[in-house]
Amino acid sequence: MKISEAMTAAINDQIKAEFDSAYIYLAMSAYFEDCGLSGMSHWMQKQYKEEVEHAEKFIEYLYRRGARVIIPEIARPKESYNDALDVFRTAYAHEQYVTSRIYKLMDMAESEKDYATQSMLKWFVDEQTEEEDNTGGIVAKLEFLGNDKHSVYMVDRELSAR
Ligand code: FEO
């Protein structure tokens, strides 16, 4: 069954959102590197790579459905933050936003009875639960420890192991 034009456009939009996410995290990595927080920088670099993989998953999917992929322009990301907690709060809010986008795609696939797209999106629904858990977990940890230099240093060391 042919994928609809509306669904193709919505997935192309999501490809852009994933590349935008990648750039947001790459800019966060650069910010942390500049602050001397190499563990957090490393964590964000991994996150950047995951987002590129997400974009590639959607691209591969459209290829398999015989649909046209449009390689998007990437928005310039924010480059400075107040502190580590500010960065992770922003990342957490961003992941919640991405989750809402994935849910909207799922709603659309359901209303179109596009079972193949629903099946593909299931992976992203699960992935978003994990992404929110990861970023939200770091926010909770920094809030609990107090966001002072000593705590940030401890969390930085922990995140270097990702
Ligand atoms: Fe691709 Fe972090 O969502």
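Coordinate-derived values only; no laboratory data. In this text the structure is predicted, and so the values were computed from the model without any measurement. With ideal geometry, Cβ positions are generated from the backbone for all residues, glycine too; neighbour counts draw on all protein chains shown.
Structural remarks
- Considering the conditions (1) under 18 Å from the mean Cα position of the chain (by Cα); (2) under 16 Å from Y153 (Cα atoms); (3) not polar (S, T, N, Q), P72 is excluded by exactly one of them, (2).
- The numbered conditions (1) surrounded by 14 or more Cβ atoms within 10 Å (Cβ to Cβ); (2) free of Cβ contacts under 8 Å to residues at least 60 places away in the same chain; (3) among the acidic types (D, E) are all true for D114 except (2).
- Extreme residue, nearest to D133 (Cα to Cα), among residues of segment 50-94 that are away from the ligand (no atom under 16 Å from the Cβ) and acidic (D, E): D86
- Among the residues making up segment 117-159, those that are polar (S, T, N, Q) and within 16 Å of the ligand (Cβ to nearest atom) are Q128, T129, N134, T135.
- Test: residue in segment 4-13 that is crowded, with 19+ Cβ neighbours inside 10 Å and within 19 Å of S151 (Cβ to Cβ): no
- Helices (runs of 4 or more DSSP H) contained in segment 59-162 and holding at least 1 residues over 23 Å from G36 (Cα atoms) and out of contact with any strand residue (DSSP E or B) (no Cβ under 8 Å at 6 or more places or on another chain): 84-111, 115-145
- Of everything in segment 20-49 that is aromatic (F, W, Y) and farther than 12 Å from E79 by Cα, the residue that is nearest to the ligand (Cβ to nearest atom) is Y48.
- Going through (1) crowded, with 17+ Cβ neighbours inside 10 Å; (2) more than 13 Å from the ligand (Cβ to nearest atom); (3) assigned to a helix (DSSP H, G or I) one by one, A17 falls short only on (2).
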